[in-house]
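Step one of this worksheet: look at the structure below.
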Amino acid sequence: MIKIGILNLQGAVSEHFDITKKALKNLKIESKVFNVRTSEEASRCDGIIISGGESTVIGKLLVETGIKNIIINQKIPIFGTCAGMVLLASQTDFEQPLLNIMDMTVKRNAFGRQKDSFEKEIEIFGEKYPGVFIRAPAVESIGANAQIISKLDNIIIGVKQDKNIALAFHPELTQDTRLHEHFIKEVL
Ligand code: GLN
C-alpha cells in the first residue's frame, strides 16, 4: 500500500489530488491519497506532492507545522510543481524559508507576471507534454547531484535529484497523468 500525501497548506491542491488518484488508478497500485496539513499526516507518507501557490506562504507554514522537519528527517520524496519547485531549491532570489533538498538555485516569477502565463509543449525523457506556465519559476543553476530533465528555449524548467522531481509548470492543470505516474514509480 503506497501512501501519497498532497500538501494542503495553501495553493492549488485539489487538482493534484484528482490527477494523483487517476495516475494511481492507471498504474493499478494499491494506494491511498490524502491531504497533508500536519506533521503527523506528513510522517505517514511515502511521497508528498507540493502544488503551485505562494511559495513564501507555503514555506512559512511548512516550518510552523513541523512538516519541514518530517520531510527532511524521514527523507520523504517530493514532487513539486511551480511554487513547489521553489520550495525544493537550496537557494532563490528572495529571502524565504525553503526545504533545501535539491541542489539548485531558482528564480521566482522568471517568465513574468500572471498576465504573462502561457502554454507550450515541452519535452521530458524524450516524451512531449503540455506545459502550463503560471508565474513560473526557472532554474538558474544546479549542483553536481541534480539532473536537468527539461528545458524550454534553453531555460531549465525540470530537475530531478534522487527521488525528488521539481517542475516549473503545472501538469495537474492538464489531463495528462504521466508525470504523476513517473513520480509514483520513483516512490514505489
Ligand atoms: N511565483 C509563485 C511563487 O514563487 C509561484 C506561482 C505558482 O505556483 N503558480 O510562489
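Values quoted throughout were computed directly from the atomic coordinates according to the rules given, and no laboratory measurement underlies them. Computed from a prediction, not measured in an experiment: that's the story for all the values here. Note that each Cβ is placed from the backbone with ideal geometry, even for glycine, and that neighbours are counted across all protein chains shown.
Computed quantities for the displayed model
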item	result
For the stretch 92-151: rounded, prolate or oblate by the Cα gyration tensor [a/c cutoff 1.5]	oblate
Dipole in debye (nearest 20) - the stretch 66-177, about Cα centre, beta carbon charges: Lys, Arg +1; Asp, Glu -1	240 debye
Debye intensity ratio I(q)/I(0), log10, the stretch 35-188, q values 0.09, 0.16, 0.18, 0.20 Å⁻¹ (C-alpha model)	-0.25, -0.82, -1.06, -1.32
Partner lysines for Lys128 [C-alpha distance under 16 Å; skip if fewer than 8 residues away on the same chain]	Lys120, Lys151
Footprinting exposure proxy for Glu181, Glu40, Glu121, Glu172 (fewest neighbouring C-beta atoms within 10 Å first)	Glu121, Glu40, Glu181, Glu172
Trypsin sites (Lys or Arg not before Pro) within the stretch 104-174, DSSP loop, no more than 13 other Cβ atoms inside 10 Å	Arg113
Those aspartates and glutamates that a straight Cα-Cα span of less than 17 Å connects to Lys115, excepting residues fewer than 8 apart in one chain	Glu54
Qualifying chymotrypsin sites (Phe, Trp or Tyr not before Pro) for the stretch 1-94 [loop in DSSP, other Cβ within 10 Å: at most 14]	Phe94
Residues Val187, Val57, Val86, sorted so that the one with the fewest Cβ neighbours within 10 Å comes first	Val57, Val187, Val86
Charge dipole (debye, nearest 20) of the stretch 1-142; +1 at Cβ of Lys and Arg, -1 at Cβ of Asp and Glu	320 debye
Extension gain (nm, one decimal) between Lys32 and Thr105, 0.36 nm per residue minus Cα-Cα	23.0 nm
Listed residue (Ile49, Met104, Ser150) projecting farthest to the positive dipole end of the chain, Cβ model	Ile49
